[in-house]
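K.L.:
Just passing along the structure, written as structure tokens.
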Amino acid sequence: MFEIEYEFQEEDLIHFNEIQFMRNEDIQANIRKNRWIVPGIMGLIGSFYYFYYGDMNSASYILVIAVLWAVLSPRIMMLDLRRQILNNYTSKEKSNMFGTYTLSIDPENSKYLIENSPSGKHKMAWEELVRVEYGKRYVYIYISLTTALVIPVDKVKKGDLEQFAAQAAKMIERYA
């Protein structure tokens, strides 16, 4: 029997959503457009002020704002994303989501990954799980293409995460 116990907190939820956000090509294309088109237009306006009016001060201010926009707008968008993620959940949903999780695998006679979480006990059929993915500080067991159990490596309280993740991958392959 393989079992791990870990703590899941707000920062882990935010991290997973940021990764999903960064992998979305449409969102990344919009960020690139916002990062370069707006400063480009501001640069044209600054050039107009410099060449047409001969106003170096106004042109300088506009160009500085354009550079700041290009550098800071992605960071501001990420801060806004974090705020939006946390605002999507009610306090009851947060209390059911954050806390201590226990995941269990019985490789001999179980067709389920058993999860004991703050919201209760759940069984997830292996054939419904998608994959196990490894990150730098996290292990993800994908329930669907966009939803995963996020296991922070540094917050595992009990059990061997490497063995557990390897066994989970084997079980997903076996029932796929």
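Nothing in this text is a laboratory measurement; each read-out follows from the coordinates by a stated rule. Note that the structure is a prediction, hence the values are computed from the model and not measured. Note: ideal-geometry Cβ built from the backbone for every residue, glycine included; neighbour counts use all protein chains shown.
K.L.:
Can you tell me the relative contact order of segment 15-87? Whole percent, Cα pairs under 8 Å, sequence separation 6 or more. Numbers along the way, then the final one.
P.N.:
Numbers: 45 pairs, mean separation 25.0, N = 73.
So the answer I get is 34 percent.
K.L.:
Here's another thing I want to ask about it. Let me have the relative contact order for segment 24-176, percent, based on Cα pairs under 8 Å that are six or more residues apart. List each step's numbers first, then the result.
P.N.:
Working: 152 pairs, mean separation 19.3, N = 153.
It rounds to 13 percent for segment 24-176.
K.L.:
Which three extents, in whole angstrom, do the alpha-carbon atoms of segment 15-87 cover along their principal axes, largest first?
P.N.:
50, 21, 15
K.L.:
Where does the longest stretch of the chain lie that holds no trypsin sites (Lys or Arg not before Pro) found in a DSSP loop with 14 or fewer other Cβ atoms within 10 Å? List each step's numbers first, then the result.
P.N.:
Details: sites that count: K111, K136, R137.
In short, 1-110.
K.L.:
State the number of lysine pairs found in segment 73-176 whose Cα atoms come within less than 19 Å, restricting to pairs 8 or more positions apart or on distinct chains.
P.N.:
Final tally of qualifying lysine pairs is 11.
K.L.:
Charges only on Cβ, +1 for Lys and Arg, -1 for Asp and Glu: so what's the dipole of the chain about the Cα centre, in debye to the nearest 20? Let's see the in-between values first.
P.N.:
Details: 20 positive and 22 negative charges, 77 e Å.
The calculated dipole for the chain is roughly 360 debye.
K.L.:
Also, quick follow-up: Rounded to the nearest 500, what is the 222 nm mean residue ellipticity of the chain from helices alone, with -39500 (n - 2.57) per DSSP H run of 4+ residues and division by all residues?
P.N.:
On the way: 5 runs with 92 residues, N = 176.
It comes out at -18000 deg cm²/dmol, rounded to the nearest 500.
K.L.:
Sticking with this one: Only one of the values (1) 41, 36, 29; (2) 80, 33, 24; (3) 50, 37, 25 was calculated from this structure for Cα extents along the principal axes in Å; name its label.
P.N.:
Calculated Cα extents along the principal axes in Å: the matching label is (2).
K.L.:
Select from M77, M56, M97 the residue whose mean-square fluctuation is largest in a Gaussian network model of the chain (Cα-Cα springs shorter than 10 Å).
P.N.:
Most flexible of the set in this elastic network: M56.
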